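First the structure, in the form of structure tokens, and then the observations on it.
The values are calculated or read from the model by the stated rules, or taken from the named source; none is laboratory data. All values reported here derive from a predicted model rather than from experimental measurement. Because the Cβ atoms are built from the backbone with ideal geometry, glycine has one as well, and the counts that use them run over all protein chains shown.
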Amino acid sequence: MFYQTEAKPQSWRAVAVFEDRPDCLIFLGRSSTQVRAGVSTAFFEVLDEDERDSVRAVRLERWQGAADSGRWMQQTTLTIPSLVKVAQSA
């Protein structure tokens, strides 16, 4: 049997934390730099207005362990993106 695996797994992610519903994956990438660069745009593409209003935090997490056995570890909390910042960077 042959198991296909990625040469370089996606090991960083940004997750929106809500007060009243389960967490939501916003962005997945290979490095913290890649996730930080893409999280603002993804925040407005993935979440609708009601969801964005109820986000309490955005966590930056890193995969700890082997590809098939490990867990996500929080590294830091990111600033919740605002539409003004996204418009300025475009």
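Scanning the stretch 5-25 for any residue that is loosely packed, with under 10 Cβ neighbours inside 10 Å and hydroxyl-bearing (S, T, Y) turns up at least one such residue. Here the condition is being of a type outside the set (G, A, S), under 8 Å from the mean Cα position of the chain (by Cα) and in a strand (DSSP E or B); of V35, V58, V39, V17, it holds for V58 alone.
A Cβ distance below 6 Å, combined with a sequence gap of six or more or placement on separate chains, defines the contacts here; from the stretch 61-73, residues that are among the small types (G, A, S) reach residues that are at pLDDT 90 or above in the pairs G70/W63; G70/Q64.
Scanning the stretch 45-54 for residues that are assigned to a helix (DSSP H, G or I) and surrounded by 15 or more Cβ atoms within 10 Å (Cβ to Cβ) yields a total of 2. Scanning the stretch 20-57 for residues that are touching a residue at least 40 places away in the same chain (Cβ under 8 Å) and among the aliphatic types (A, V, I, L, M) turns up V39, A57.
When T77 is tested against the conditions (1) out of contact with any Pro (no Cβ under 8 Å at 6 or more places or on another chain); (2) surrounded by fewer than 14 Cβ atoms within 10 Å (Cβ to Cβ); (3) modelled with pLDDT under 95, the lone failure is (3). In the set (1) under 16 Å from F27 (Cβ atoms); (2) at pLDDT below 95; (3) not hydrophobic (A, V, I, L, M, F, W, C), the condition left unmet by S69 is number (1).
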